[in-house]
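Notes for the one structure printed next.
The values are calculated or read from the model by the stated rules, or taken from the named source; none is laboratory data. None of these values were measured; they are calculated from a predicted model. Because the Cβ atoms are built from the backbone with ideal geometry, glycine has one as well, and the counts that use them run over all protein chains shown. Just the protein is used for accessible areas: all its heavy atoms, side chains included, with ligands, DNA and RNA removed. Shrake-Rupley method; radii C 1.70, N 1.55, O 1.52, S 1.80 Å.
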Amino acid sequence: MVRYLELQGQIIEYELIAKKVKNLNLRVHADGRITVSASPTVPPWEADAFVRKNQAFIFSAKKRFATHRESFDSQGDPFSEGGRIPIGGRERTVRLVTEKKNDVRLDGEILTIAVTDTEDRTLIQNAFRAFVTQVSKQYLPSLCEQVSRRFAAFGMFSPELRFRYMVSRWGSCCPTENIITLNKFLICVPPDCVEYVVVHEFAHYLVFRHSPEFYAVVESVLPDWKQRKQKLEAYGALLRRL
């Protein structure tokens, strides 16, 4: 259900989503969308009041995301000569070269993308994604193993790990099937942000919903999770560019 409110002289649109949740949950997405999850028994006027109560957070988040989007947009096409692509949270300068075999090499601050045709953007993007796939399979499992050991005290077993490209989420989990799926593009963000994502997904094994109990688990493992989450949000706009 889409709802409209006038806040600070602006018409704000948000989507009210009925879910089996105890508390109302508000989320401002990287693309500016606003969603509120609430129990089906919660009347719309109560959701409206909840949005009004959190309007300072909403406008702050929308401004922050808009700044991030403008920052990435101002850098131009990341797959052009001189484009900028972060690896491990550090921006690297793209260098395009023509070679008989597609390959991607990282040498310090230079990310060399070698393809048979440097005018073919799709070819360049596919070469980069092949590089991301290779690195993610080498890097992410070891980090997950470290986090798994920290959750051993909760009686958890190591889950099956899967990796894929996602454009709106950094990770997901299915506790009933013992599967955690991570976004391959996590290799682009700072290591402490990757650790936050992994801890977040592991915590869902203990508390499925985003409740105070859930965040208490996250905080017991990562006391500074809020700062890491905020840092990660800066990379949300990047997912739709790579």
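Values computed for the structure shown
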read-out: Structure-derived semi-axes √(5λ) of the Cα gyration tensor in Å - corresponding label in [x] 37, 20, 14; [y] 35, 25, 14; [z] 35, 18, 17; value: [y]
read-out: The chain - percent relative contact order, Cα under 8 Å, separation 6 or more; value: 14 percent
read-out: Fully extended contour minus Cα-Cα distance, from GLU15 to VAL167, at 0.36 nm per residue; value: 52.7 nm
read-out: At R0 = 30 Å, FRET efficiency that the Cβ-Cβ distance of TRP45 and GLU219 yields, to 0.05; value: 0.35
read-out: Accessible solvent surface per residue of the chain, calculated while the other protein chains remain in place, 1.4 angstrom probe, Å²; value: 54 Å²
read-out: Fraction of antiparallel bridges per DSSP, the chain only, in percent to nearest 5; value: 60 percent
read-out: Sum of -39500 (n - 2.57) over DSSP H runs of 4+, divided by residues of the chain (222 nm, nearest 500); value: -12500 deg cm²/dmol
read-out: For PHE163, residues with placed amide H under 5 Å, excluding near neighbours; value: LEU182
read-out: Selection of GluC sites (Glu not before Pro), the stretch 94-151, meeting DSSP coil and at most 13 other Cβ within 10 Å; value: GLU99, GLU109, GLU119
read-out: Förster radius 41 Å - calculated FRET efficiency between ASP107 and LYS231, Cβ distance, rounded to 0.05; value: 0.95
read-out: In sequence order, calculated HN-Hα J values of the stretch 12-28 (Karplus, 6.51, -1.76, 1.60; Hz; x Gly/Pro); value: 9, 9, 9, 9, 8, 10, 7, 9, 7, 10, 7, 10, 6, 10, 10, 9, 9
read-out: For the stretch 204-231 and the stretch 129-158, distance of Cα centres in Å; value: 18 Å
read-out: Accessible carbon and sulfur surface of the chain relative to its total accessible area, %, 1.4 Å; value: 51 percent
read-out: Potential extension, LYS137-LEU123 segment - 0.36 nm per residue separation minus Cα distance; value: 2.9 nm
read-out: Nearest-0.05 FRET efficiency for LYS100 and MET1, computed from C-beta distance (R0 45 Å); value: 0.20
